[in-house]
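We did not get these values from a lab; they are worked out from the coordinates using the rules stated. Note that the structure is predicted; figures quoted are calculated from it, not measured. Positions of Cβ are generated from backbone atoms using ideal geometry, with glycine treated the same way; all protein chains shown enter the neighbour counts.
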Ligand code: PMP
Ligand code: GLN
């Protein structure tokens, strides 16, 4: 129809995200889905019971625009305990329907036409479209090959008078790398005499392995003043489908964020907020990093039986990278499709995380799965014969 031809093109990224493409392909071919990042194991029954309890107790109407006070207070207490930082739950924490929404809203609060945002690639796929949807321009800068550490010289070179923000992500999707302490200081040095904002995507903060600890931007007194830090309950509590998250920002930035949020979603699922507030306050949850590290180790061990070459073990996140460069010349999108259709295992091709579709013949495997799922997938991968 003619009227559909002149819809504005709000972003130049994929019409259908790679996660939808690969999950649909997986179900079409009855493949084991190690593509989209979501756990296939149950949540703590206690958390489920709290959600039920919330609906029975009548927590079924709109929550306050900023989020239920008891949830914001529980988050502040959690950050005090885990990061030794003081957060004001009224002026610095906003509850959001997931981290993706928080990232969009934070961009929306600060960006206008002509602004530029530096994006470190490979990057989570919503960043660039979100920047473009707000009329601004993404300036991609590649992470250092192999280590996926930030390339500080390249980042410095990409800064211009138009640079409004830099978006960072640690632990990192899709590579599983984490920032070193020195990276935070490099970032602080770089932006010190500028008015550049930082969006810090820390959704995997609780999934960090090998006795390493996450350093949050909210712990950095200087960077904290200019940053929006976004978090997702989905990753910490294995309930990605609840789509619950939060944004921590200094009071002035929180005000700007809420000015938009009140007219975007206004408020967030009340019973889920009640359940999460109670659950956080109990503080007897199992450490998610221990569980996910054992899954990573199980996956790494079994993958040795396959022809893939593993990249460095994931230091955090849900994801492990592996190369098939020595096995096939196919582009990674075609190889991922072949793996799904012929061998019954769905993965994510890493070129989907680069705006120039850079292809090193690397796939992302999600190991946030039951051991039996990982075992069954690897039995299939071990049979690959090209
Ligand atoms: N950032 C990164 C790096 C992610 O991997 C994800 C995936 N869920 C998100 C943000 C979005 O989180 P949510 O599901 O809470 O929107
Ligand atoms: N964060 C998840 C991933 O990287 C899924 C996100 C999504 O489905 N949009 O796989």
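Over the chain, what is the mean sequence separation of C-alpha contacts under 8 Å (at least six apart), divided by residue count, expressed as relative contact order in percent? Intermediate values should be presented prior to the final figure.
Numbers: 745 pairs, mean separation 97.1, N = 386.
Once normalised by length, the contact order is 25 percent.
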Next item on the list: Could you check the simple spin-label distance between residue 41 and residue 86, using points 7 Å along Cα→Cβ, in nm with one decimal?
Entry: 3.9 nm
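First check a/c for region 108-255, with a ≥ b ≥ c the square roots of the eigenvalues of its C-alpha gyration tensor; if it is under 1.5, answer rounded, and if not, answer prolate when a/b is larger than b/c or oblate otherwise. Intermediate results must be reported in sequence, preceding the final value.
Values: a/c = 1.39, a/b = 1.19, b/c = 1.16.
The shape class here is rounded.
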Checklist line | Proxy reagent accessibility, fewest Cβ within 10 Å first, across 298, 215 | finding: 298, 215
Notebook entry, point to check: Using a Gaussian network model of the chain with C-alpha springs under 10 Å, which one of 60, 130, 289 is most mobile by mean-square fluctuation?
Noted result: 60
Next item on the list: With a cut-off of 16 Å, note down the residues of region 270-302 whose backbone N falls inside the zone around a label point 7 Å from the Cα of residue 61 toward its beta carbon.
Entry: 270-271
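Pulled fully out, how much extra length does the chain show between residue 282 and residue 188, if you take 0.36 nm times their separation in residues and subtract their Cα-Cα distance?
On the way: separation 94, 0.36 × 94 = 33.84 nm, distance 3.56 nm.
Contour length minus the Cα-Cα distance gives 30.3 nm.
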Note to self: Counting other beta carbons within 10 Å of each residue's own, what order do 172, 238, 214 fall into, fewest first?
What the structure shows: 214, 238, 172
Check: Quick one: Debye curve from the C-alpha atoms of the chain, no solvent, what's log10 I(q)/I(0) at q = 0.12, 0.14 Å⁻¹?
Finding: -0.96, -1.30
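Indicate the gyration tensor shape class of region 295-386 (rounded, prolate or oblate), computed on the Cα atoms with a ≥ b ≥ c the square roots of the eigenvalues: a/c under 1.5 is rounded; otherwise a/b larger than b/c is prolate and the rest oblate. Could the numbers behind the result be given before it?
Numbers: a/c = 1.70, a/b = 1.23, b/c = 1.38.
Note, shape of region 295-386 comes out oblate.
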Item checked: Overall Cα dimensions of region 174-296, principal axis frame, Å, largest first -> 42, 41, 26
Next item on the list: Residues in region 362-376, backbone N under 20 Å from the label point at residue 326 (7 Å along the Cα-to-beta-carbon vector): list them, ranges by number please.
Entry: 362-365
Notebook entry, point to check: Taking the alpha-carbon set of region 1-105, what are its Rg and Dmax in Å?
Noted result: 20.0, 58
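Going by C-beta contacts inside 10 Å, put 223, 207 in order with the fewest on the left.
Values: 223 21, 207 25.
In order of increasing Cβ crowding within 10 Å: 223, 207.
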Item checked: Extension reserve of the residue 266-residue 301 stretch, reckoned as 0.36 nm per residue once the Cα distance is removed -> 8.0 nm
Checklist line | Cα gyration tensor category, rounded, prolate or oblate, for region 82-173 with a/c compared to 1.5 | finding: oblate
Note to self: Along the Cα→Cβ direction, 7 angstrom out, place labels at residue 195 and residue 259. What is the inter-label distance in nm?
What the structure shows: 1.3 nm
Next item on the list: Starting from the Cα-Cα distance between residue 5 and residue 355, subtract it from 0.36 nm times their residue separation and give me the gain in nm to one decimal.
Entry: 123.5 nm
